[in-house]
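Working notes, structure below.
No value in this document is a laboratory result; all are computed from the given coordinates. Just so it is clear, the structure is predicted and the values come from calculations on it, not from any experiment. Here the Cβ positions follow ideal geometry from the backbone for every residue, glycine too, while neighbour counts run over all protein chains shown.
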Amino acid sequence: MDRRETVIVLDFGGQYNQLVARRVRECHVYCEIYSYKTDIARIKAMAPKGIILTGGPNSCYEEGAPTYSKELFELGIPVLGLCYGAQLMQHILGGRVERADKREYGKTEITVDPSCELFAGVAQKTTCWMSHFDYISRLAEGFVSVAHSADCPVAACENSARKLYGIQFHPEVLHTPEGTKMLYNFVRNVCGCAGDWKMDSFVEQSILAIRQKVGDGKVLCALSGGVDSSVAAVLLSKAVGDQLTCVFVDHGLLRKNEGDEVEAVFGPSGNYDLHFIRVNAQQRFYSKLAGVTEPERKRKIIGEEFIRVFEEEAKKIGAVDFLVQGTIYPDVVESGLGGESAVIKSHHNVGGLPDYVDFKEIIEPLRDLFKDEVRKAGLELGLPEYLVFRQPFPGPGLGIRIIGEVTEEKVRIVQDADFIYREEIAKAGLDKEISQYFAALTNMRSVGVMGDERTYDYAVALRAVKTIDFMTAESAEIPYEVLNRVMNRIINEVRGVNRVLYDLTSKPPGTIEFE
């Protein structure tokens with residue numbers, strides 16, 4: 001990989017770690033997340049332009065709390081601590097952190113010192129998102145307070161001579177309207193980053209790097225028809241041309257008619273000159289999933305079976321050296337391979353990979369990108385907008401939108417219900433306003449009355465969220481008449497359903513998908 005300028009996020013277990021990195025990238029600065037357990041020697045070797053310490057659920061003064069070496073603050077590299085990170089910086093450097101009498105949580109007005117470089121161009125009185133029990137009661141030597149609220153005397157602090165900064169609130173969330181401006185000031189002005197992380201250069205550099213890595217080897221691409229794998233496929237096609245074969249596995253867990261739609265786009269009659277193979281493996285996946293109810297187990301079964309199918313297809317093609325996957329950065333972090341946060345879920349193409357894979361190497365050209373960066377790369381590669389902005393769909397497909405055991409009958413139910421839901425959302429003109437929407441099949445059966453007869457059928461749950469980055473999300477407010485129309489159609493048209501629910505849960509505490 002080229003030596004691009006990088007800002008490192010050290011993760012202390014905060015829920016917004018990905019969001020911090022995402023906001024930095026909005027400033028056109030490349031950013032990666034690492035655990036706070038990362039050795040200081042490794043950080044030195046990476047030579048970052050700046051370091052950001054995330055929030056976290058602990059109190060820095062408690063025994064066993066996540067901490068770091070004092071040497072981090074002596075490298076001459078600018079450091080910005082956020083919430084827990086700000087408190088930890090003070091604790092390590094000789095300040096004092098204590099439990100506050102009153103917890104600050106939610107939107108809070110603060111007053112900032114406009115002479116502080118972090119707050120250049122920020123209104124003197126600005127709103128931010130606070131979330132802390134502890135507060136900085138005494139600053140370390142050389143630090144001064146540069147922001148305060150009614151209840152927090154040190155809402156931000158700085159030691160400008162050493163380029164060390166602490167912010168007691170969360171600048172990365174949307175509830176802090178000028179937060180991105182503050183992060184911009186840090187990475188572009190304090191750290192001196194040029195801001196050359198852009199999709200056109202990423203695409204160009206990736207094509208050259210892939211060409212160099214692959215040489216004259218053969219490449220197999222796992223093409224699902226989703227945004228990530230489609231962008232990966234076209235990127236590889238630009239890089240290695242005829243050396244690429246795309247294999248589309250229809251595992252029977254796709255949305256209604258989706259297998260045929262993918263083949264229409266990428267197959268022989270489609271818009272791309274690709275070697276395209278469709279493998280109909282529906283029954284194979286159903287039999288592997290029979291009797292399995294635990295979500296992580298389902299993900300891993302689907303992930304392993306994908307790999308086995310690809311290995312079999314590779315043998316038919318003969319001597320395939322590389323497997324390409326559309327893994328993206330949130331997949332890596334949520335699978336517990338990036339920062340310090342707990343494993344949220346194993347993505348079938350990351351944490352779901354089996355121990356042994358019969359390929360020389362796996363190429364993941366989008367592994368460093370967030371979802372909206374993948375979309376920008378897709379547009380840069382010339383993919384049509386309808387494909388680039390299609391609804392996100394998880395790799396394990398309907399396997400994780402069916403709670404409990406997966407059966408062919410349950411797949412039919414959720415496919416039909418989801419088709420109706422998406423059709424009505426589009427008819428109402430809401431498809432551009434909602435980030436993601438789908439129907440899921442709960443494992444709950446309840447009593448109903450249909451045609452004067454008692455029924456005992458499944459409940460379908462509808463999900464719709466609005467989000468910018470898919471790391472946090474709010475439930476979408478769909479007009480009641482639309483929901484009512486969807487409910488009526490599903491109950492009347494989908495055999496096996498007698499109840500329709502609407503999921504109001506935000507992320508966090510929920511995830512966007514059900515499992």
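General remarks:
- Listed residues 458, 436, 448: farthest to the positive end of the dipole of segment 418-464 (Cβ charges): 436
- Think of segment 92-150 as having a plus end and a minus end, set by charges on the Cβ of Lys, Arg, Asp and Glu; of 124, 145, 110, 110 sits farthest toward the positive end of this dipole.
- Semi-axes of the equivalent ellipsoid for segment 113-225, Cα gyration tensor, largest first, Å: 41, 17, 14
- Annotation for residue 468 and residue 450: the two label points, set 7 Å from Cα along the Cα-Cβ direction, are 4.3 nm apart.
- The modelled label-to-label distance between residue 205 and residue 113, using points 7 Å beyond Cα along the C-beta direction, is 3.6 nm.
- DSSP bridge pairs, the chain: antiparallel proportion in percent, nearest 5: 50 percent
- Fully extending the segment from residue 506 to residue 279, taken as 0.36 nm per residue of separation minus the present Cα-Cα distance, adds 78.1 nm.
- Sites residue 141 and residue 196 - FRET efficiency at Förster radius 56 Å, r taken between beta-carbons, to 0.05: 0.95
- Proximity of backbone amide H atoms, modeled 1.01 Å from N, is registered between residue 402 and 441 at under 5 Å, excluding neighbours fewer than 5 places apart on the same chain.
- Candidate lysines - alpha carbon under 29 Å from residue 288, same-chain residues fewer than 8 apart omitted: 256, 298, 300, 315, 316, 345, 360, 410
- Sum of side-chain charges, residue 195 neighbourhood, beta-carbon under 13 Å (Lys, Arg +1; Asp, Glu -1): +2
- Pairs of alpha carbons in segment 5-123 whose separation is greater than 19 Å (percent): 52 percent
- Among the trypsin sites (Lys or Arg not before Pro) in segment 437-515, those located in a DSSP loop and surrounded by at most 13 other Cβ atoms within 10 Å of their own Cβ are 495.
- Within segment 412-515, the proportion of Cα pairs with more than 25 Å between them is 20 percent.
- Inter-part distance, segment 32-68 to segment 213-267, computed on C-alpha centroids, equals 38 Å.
- Fully extending the segment from residue 385 to residue 161 would add 75.8 nm, taking 0.36 nm per residue of separation and subtracting the current Cα-Cα distance.
- Taking 0.36 nm per residue of sequence separation and removing the Cα-Cα distance, the residue 212/residue 412 pair yields an extension gain of 67.5 nm.
- Against the rule of thumb 2.2 N^0.38 Å, how large the Cα Rg of the chain comes out: 1.06
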